[in-house]
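For reference, the structure is listed below as structure tokens.
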Amino acid sequence: MSDCVFCGIASHEIPATVVYEDDLVIAFKDLEPEAPVHVLVIPKEHYGSIIDDVPDDVLVAMRHAVVYVAHETGIDETGFRVITNTGDDAGQTVHHFHMHVLGGRDLGAGLLPE
Ligand code: AMP
Ligand code: ZN
């Protein structure tokens with residue numbers, strides 16, 4: 001997907017603050033962080049969202065990256081949230097599957113914004 005910004009980050013053509021990378025996934029800081037820790041975990045291959053046929057090994061690698069980020073930033077101790085916006089009602093703006101990893105402050109008890 002030549003016009004996909006996250007494909008550009010995955011191929012290092014678009015700069016990002018990368019915090020984790022392996023053969024299948026890359027994790028980088030969100031450009032507009034909503035918490036002290038706000039990292040995006042993406043597959044290097046393009047999938048539009050979690051609804052697409054994402055292979056099991058990619059999903060396992062994404063979970064591994066989430067846990068790595070949580071350990072490295074200390075939010076495994078304090079708590080964190082993983083969000084995967086999917087489609088219009090969820091406000092998905094980048095149509096390349098990604099997981100937001102958010103933590104480092106009290107995120108509130110509710111799942112949804114007030
Ligand atoms: P979503 O609304 O779930 O599709 O989230 C897309 C996220 O990607 C937003 O939080 C944006 O701030 C973030 N984002 C968009 N472009 C970039 C970029 N070039 N580098 C880092 N984060 C980005
Ligand atoms: Zn893409």
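The values are calculated or read from the model by the stated rules, or taken from the named source; none is laboratory data. None of these values were measured; they are calculated from a predicted model. No Cβ is skipped: glycine too gets one built from the backbone with ideal geometry, and neighbour counts run over all protein chains shown. In case anyone asks, the SASA skips ligands and DNA or RNA and just uses the protein heavy atoms, side chains included. Shrake-Rupley method; radii C 1.70, N 1.55, O 1.52, S 1.80 Å.
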Where Lys and Arg each count +1 and Asp and Glu each count -1, what net charge lies around residue 54 among other residues with Cβ under 14 Å from its Cβ?
-3
1/(1 + (r/R0)^6) with r = Cβ-Cβ of residue 106 and residue 63, R0 = 30 Å, i.e. FRET efficiency to nearest 0.05, evaluates to 0.80
Charged-residue dipole, Cβ positions (Lys, Arg, Asp, Glu), the range 5-103 about Cα centre, Debye nearest 20
200 debye
For a label point 7 Å along the Cα-to-beta-carbon line of residue 54, residues of the range 81-113 with backbone N under 11 Å:
83-86, 96-100
Once the Cα atoms of helix 56-73 and of the chain are each reduced to a long axis, what angle between those two axes, in degrees from 0 to 90 to the nearest 10, is obtained?
40 degrees
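With Cβ to Cβ distances under 14 Å as the rule, what net charge do the other residues near residue 19 carry (K, R +1; D, E -1)?
Local charge sum for residue 19: -3.
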Which order do 17, 93 take by accessible area at a 1.4 Å probe, largest first?
93, 17
The chain - accessible surface per residue (Å², probe 1.4 Å)
62 Å²
For every helix of n ≥ 4 consecutive DSSP H residues, a contribution of -39,500 (n - 2.57) applies; sum these over the chain, divide by its total residues, and give [θ] at 222 nm rounded to the nearest 500 deg cm²/dmol.
-7000 deg cm²/dmol
For the chain, calculate the relative contact order in percent as a whole number, restricting contacts to Cα pairs under 8 Å that are 6 or more residues apart.
29 percent
Under a crude label model (7 Å from the Cα following the beta-carbon direction), how far is residue 38 from residue 13 in nanometres?
2.6 nm
Test of understanding: what is the full-extension gain from residue 94 to residue 22, defined as 0.36 nm times their sequence separation minus their Cα-Cα distance?
23.8 nm
Going by average Cβ density within 10 Å per residue, which order do the peptides 37-46, 60-69, 73-82 take, highest to lowest?
37-46, 60-69, 73-82
